[in-house]
Amino acid sequence: MQITLSDIGKRYNSEWIFRHINYKITSGEKYVLLGGNGSGKSTLLQIIAGNYLPTVGKIQYYNQQSEISSEDIFKHLTIAAPYLELFEEFTLPELIALQKEFKPFLLSEKEILEVSELSHSKSKPIKYFSSGMKQRAKITLAVLADVPLLLLDEPTSNLDHKAIQWYDNLVKQFALHKTIIVASNKQEAEYSFCYNFLSVEDFKK
């Protein structure tokens, strides 16, 4: 998945969150969007995901040289973020089955449950999961989807030390063939596998 950002800017009311972002994301590469709280990194990630429109500028997507419209980009990506809600009444197997209706997985349901380390709670509605368990579920569903673009917004939020290691291993085992973009509040454990850095705070003017 190749993505081209051309003079991207986002404004709320009269305040520019960021401006004049010109950047090319190359297929199969790993990127991190760095910035403190309120810097606009999550907003930029949502623009890349096609969930927000930029105030100015243009974003283009290509998969194997074929351009993908912004209306169809959701078919080619998954995103995990602490602010995104899961269907609380569903169990994890039901969430897996629902996502499978729209996007294939790299593994079987049984394997997904084992990899998530949430098999012991497979009959429990998501609303009874702890915040850490919900974050594990989000990351598992995003990483194991068979799509070329993986977006991760502060992925280690609500994860303890053991779960952070689990996250790192999961990405390195199943997603290093993908294009990955991580938005991080400079938590190095979130992007140890990334080697391209973009500071959103550099585009405030």
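Considered as a group, the residues in the range 6-65 that are free of Cβ contacts under 8 Å to residues at least 60 places away in the same chain, of a type in the set (Ser, Thr, Tyr) and part of a loop (DSSP other than H, G, I, E, B) include one that is farthest from Ser184 (Cα to Cα), and that residue is Ser14. Tallying residues that are out of contact with any Asp or Glu (no Cβ under 7 Å at 6 or more places or on another chain), in contact (Cβ under 8 Å) with a residue 24 or more places away in the chain and more than 24 Å from Arg19 (Cα to Cα) within the range 151-175 yields 12. Screening the candidates Phe74, Phe87 for the property of being at pLDDT 95 or above and out of contact with any strand residue (DSSP E or B) (no Cβ under 8 Å at 6 or more places or on another chain) yields one hit, Phe87.
Among the residues of the range 139-162, those identified as farther than 22 Å from Gln2 by Cα and surrounded by fewer than 18 Cβ atoms within 10 Å (Cβ to Cβ) are Ser157, Asn158, Asp160, His161, Lys162. The single condition from (1) over 14 Å from Leu149 (Cα atoms); (2) touching a Gly at 6+ places or on another chain (Cβ under 7 Å); (3) aliphatic (A, V, I, L, M) that Ile73 fails is (1). The sole residue among Lys127, Lys134 that is surrounded by 14 or more Cβ atoms within 10 Å (Cβ to Cβ) and modelled with pLDDT of 95 or more is Lys134. Does the range 6-26 contain at least one residue that is of a type in the set (Lys, Arg), touching a helix residue (DSSP H, G or I) at 6+ places or on another chain (Cβ under 8 Å), surrounded by 15 or more Cβ atoms within 10 Å (Cβ to Cβ) and under 19 Å from Val171 (Cα atoms)? No. The conditions are (1) touching a helix residue (DSSP H, G or I) at 6+ places or on another chain (Cβ under 8 Å); (2) closer than 30 Å to Gln60 by Cβ; (3) surrounded by fewer than 15 Cβ atoms within 10 Å (Cβ to Cβ); (4) not hydroxyl-bearing (Ser, Thr, Tyr), and Phe197 fails exactly one of them. Which is it? Single failed check for Phe197: (1). Against the list (1) touching a Lys or Arg at 6+ places or on another chain (Cβ under 9 Å); (2) within 25 Å of Ile126 (Cβ to Cβ); (3) among the aliphatic types (A, V, I, L, M), the condition Leu34 fails is (2). Residues in the range 179-191 that are farther than 18 Å from Arg136 by Cα and surrounded by fewer than 22 Cβ atoms within 10 Å (Cβ to Cβ): Asn185, Lys186, Glu188.
The values are calculated or read from the model by the stated rules, or taken from the named source; none is laboratory data. Given the structure is predicted, the values throughout are model-derived calculations rather than measurements. With ideal geometry, Cβ positions are generated from the backbone for all residues, glycine too; neighbour counts draw on all protein chains shown.
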